[in-house]
1. State which residue is surrounded by the fewest Cβ atoms within 10 Å (Cβ to Cβ) when the search covers only the range B:53-73 and only residues that are at the interface with chain A (Cβ under 10 Å from one of its Cβ atoms) and either among the hydrophobic types (A, V, I, L, M, F, W, C) or touching a strand residue (DSSP E or B) at 6+ places or on another chain (Cβ under 8 Å) (or both).
2. Is it true that B:S112 is hydroxyl-bearing (S, T, Y) and without any contact (Cβ under 8 Å) to a residue 60 or more places away in the chain?
3. Given the conditions (1) closer than 25 Å to B:L55 by Cβ; (2) modelled with pLDDT of 80 or more; (3) within 13 Å of another protein chain (Cβ to nearest Cβ), and given that B:I279 satisfies all but one, which numbered condition is not satisfied?
4. Residues that are assigned to a loop (DSSP other than H, G, I, E, B) and either closer than 16 Å to A:F118 by Cα or within 14 Å of the chain's Cα centre (by Cα) (or both): does the range A:247-264 have at least one?
5. Out of all the residues in the range A:166-178, is one or more out of contact with any Cys (no Cβ under 9 Å at 6 or more places or on another chain), over 29 Å from A:V122 (Cα atoms) and polar (S, T, N, Q)?
6. Out of (1) modelled with pLDDT of 95 or more; (2) closer than 29 Å to A:A77 by Cβ; (3) in contact with a helix residue (DSSP H, G or I) (Cβ under 9 Å, 6 or more places away or on another chain), the odd one out for B:V180 is which?
7. Can you tell me which condition B:R296 does not meet? The list is (1) within 10 Å of chain A (Cβ to nearest Cβ); (2) in contact (Cβ under 8 Å) with a residue 12 or more places away in the chain, and all the others hold.
8. For the range A:262-303, name all the residues that are in contact with a helix residue (DSSP H, G or I) (Cβ under 7 Å, 6 or more places away or on another chain), over 11 Å from A:I332 (Cβ atoms) and hydrophobic (A, V, I, L, M, F, W, C).
Amino acid sequence: MKKIFALSALAVLLASGTALADTSGKKIAFSNNYAGNSWRQSMLKSYDAVAKKAVADKVVAAADVFTTADKEVPTQAAQVQNLILQGYDAIVINSASPDALNGAIKQACDAGIVVVSFDGIVTEPCAYRVVVDYEKMGKEEVEQMAKFQPKGGNLLEIRGLAGTSIDDAIHKGITEAVAAHPEFKIVGSVTGDWDQTTAQKAVATILPSLPPIVGIVDQGGDGYGAAQAFAAAGKPRPTIIMGNRQDELQWWKEQKEKDGYQTWSGSIAPGVSTLAFWVAQLVLDGHKDIPHDLIVPYLSFTQDNFEAALPDIPKGGVASHEYTQADALAAIKDNMK
Amino acid sequence: MAALLPAGAPSRSGRETARRTRLLRALLPALSLAIVLGAIAWLNPRAISYFGFSLMLNLAIPIALATISQMFVIAGNELDLSIGTFVGFVGCVTATWLHDAPLLGAAVLLGSIAVYALLGALIHLRNLPSIVVTLGMSFVWQGLAILILPKPGGKAPDWLLAVTGFKPPFVPFPIVAALVIAAIVHFGLMRTSYGAVLRGSGGNPAAIARAGWSLLRTKMVLFGLAGLFGVLSGMTLIGITTSADANIGNGYTLLAIAGVILGGGEFMGGRVSPVGAVIGALTLALAASPLLTFMRIPPDWQVAANGAILIVVLAARVLISRREA
């Protein structure tokens with residue numbers, strides 16, 4: 001009953017499209033533990049654009065970004081404690097560790113601060129988590145593959161950074177979907193670390209020992225490297241699932257122009273940081289019924305729309321999507337069903 | 001100044017100057033701490049409160065303990081590059097074995113202190129450079145930490161949480177802890193006769209050996225004490241964070257060395273100051289994080305600003321030493 005009420009309240013809000021505007025005196029801080037790769041840079045840029053606009057529109061009083069000098073847990077824990085002292089009303093965090101920051105996060109919650117984590121999430125129950133459904137992304141890769149290769153055949157899987165929850169989730173999705181599509185068979189698996197160079201080397205090493213491959217399922221940041229490895233070995237080009245990187249989409253475009261090459265691309269948008277920002281703002285706005293675990297869709301491109309997105313992605317960058325407050329409300333609503 | 005005076009017959013004013021610079025040197029760590037605290041008070045008055053000090057300084061306590069650990073090694077003219085990963089290793093043991101099987105956990109931690117003492121023996125007997133040995137050990141500790149805790153997690157024992165969560169009346173816990181640590185180590189190293197021998201083993205090993213003291217034993221004691229304080233550092237850190245990560249202590253190696261130097265210690269000659277080291281660690285912890293956060297530097301510059309603050313703080317220390325020499 002409560003849920004239905006909350007849903008309808010949200011629906012009304014969504015329809016009117018305006019904020020309650022009583023967060024204009026609130027301050028939101030962003031605690032980030034690393035800025036050293038294109039994805040993180042893109043994440044910071046998206047956040048900055050949306051947060052600056054929110055401050056200019058007087059939706060919030062301040063939205064400051066704090067990046068620590070290293071990837072260390074204690075540094076970020078100290079940073080969170082300082083943000084508590086600084087008097088912020090909410091902290092958006094991309095955390096260095098899912099568990100080891102819980103002490104500091106709990107202190108923040110106890111001080112009445114709203115904590116929203118994303119990408120690098122925290123397990124402390126009082127915090128909010130914005131999670132991308134990586135398992136579903138793994139599943140969709142195989143389902144898309146079934147469209148391009150209806151006859152089925154042998155697949156090569158490229159995995160991400162070992163020991164991370166993201167690699168685990170995507171792999172799980174792929175494995176489940178392959179079980180449901182008996183026409184496909186994974187005949188090889190390599191570790192690409194979400195990095196084109198690593199992926200290219202790994203694929204080049206395993207390639208001579210493999211039977212003919214019809215498709216490659218991967219995790220993003222590795223598709224272009226795989227394509228290079230196949231080209232260097234002089235093997236026929238398989239259907240390679242892409243991961244929204246600029247070099248991957250550029251290669252896809254070249255192949256499409258040459259002979260109508262078809263594939264699909266999906267990955268987490270660095271702009272998910274802006275969704276976390278809006279979640280923090282909405283919680284401060286009094287939406288106490290927002291679920292603490294929010295699952296958001298990944299960003300994907302198909303044969304028809306990837307070329308339109310390509311010019312907006314900086315060289316060496318990743319396709320992003322910046323959320324508006326209305327987008328955020330819609331994403332939250334999807335999680336309350 | 002002092003060099004201009006005739007050797008062996010320092011004038012009254014020369015002695016006066018020497019005394020004054022020595023005083024300045026002893027006061028410098030306290031002075032830099034006061035400046036950093038002043039800056040924080042000016043930027044964010046809210047931080048200067050019981051709650052504020054508890055939050056800002058509680059992560060400085062493990063740093064102070066790691067700095068004391070490094071200080072023992074430096075007192076013996078050696079350098080320990082493994083203290084950071086050792087703290088991480090202790091953290092992983094604390095959050096897993098010490099929580100699930102206290103006896104096993106305690107045995108492992110005691111054993112690791114013994115390993116430290118044996119490293120001291122190895123370095124002394126084979127006359128090996130400590131930098132090489134401890135750099136090697138840093139990978140061993142890191143590897144063991146990852147083996148114990150392949151992905152972040154674990155839980156601090158409840159009694160440890162109670163200790164680190166202790167709220168004494170009027171004075172915040174981190175300040176009480178810093179005072180206690182400084183007092184105990186100061187008494188042990190500066191006021192006891194064996195403490196003088198330990199410092200002497202770094203200052204003038206030949207004289208200590210001629211006086212009949214075993215240099216092997218002093219080195220083992222110094223490294224053993226370093227291991228003990230490393231263990232205390234790792235345990236306190238886990239008490240504060242409540243959960244562990246194999247990489248949790250990696251940044252401590254350089255912080256600990258900087259803390260010793262900032263606190264008035266020297267790399268050579270057994271010249272160290274426990275009180276200075278604790279103050280140095282607190283200063284670094286405050287300068288690196290709260291000060292930086294309160295200054296509201298644009299994100300692109302924050303990483304560089306962190307380094308700049310450390311350089312400024314350490315440069316002040318070097319200027320004073322230069323005047324003394």
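1. This residue is B:F53.
2. no
3. Failed condition: (3).
4. no
5. No, the range A:166-178 contains no residue that is out of contact with any Cys (no Cβ under 9 Å at 6 or more places or on another chain), over 29 Å from A:V122 (Cα atoms) and polar (S, T, N, Q).
6. Just one mismatch for B:V180, condition (3).
7. B:R296 satisfies all of (1) within 10 Å of chain A (Cβ to nearest Cβ); (2) in contact (Cβ under 8 Å) with a residue 12 or more places away in the chain except (2).
8. Those that are in contact with a helix residue (DSSP H, G or I) (Cβ under 7 Å, 6 or more places away or on another chain), over 11 Å from A:I332 (Cβ atoms) and hydrophobic (A, V, I, L, M, F, W, C): A:W264, A:F277, A:F301.
The values are calculated or read from the model by the stated rules, or taken from the named source; none is laboratory data. All of these numbers come straight from a predicted model, not from anything done at the bench. Methodologically, a virtual Cβ is constructed for each residue, glycine included, from the backbone with ideal geometry; neighbour enumeration extends over all protein chains shown.
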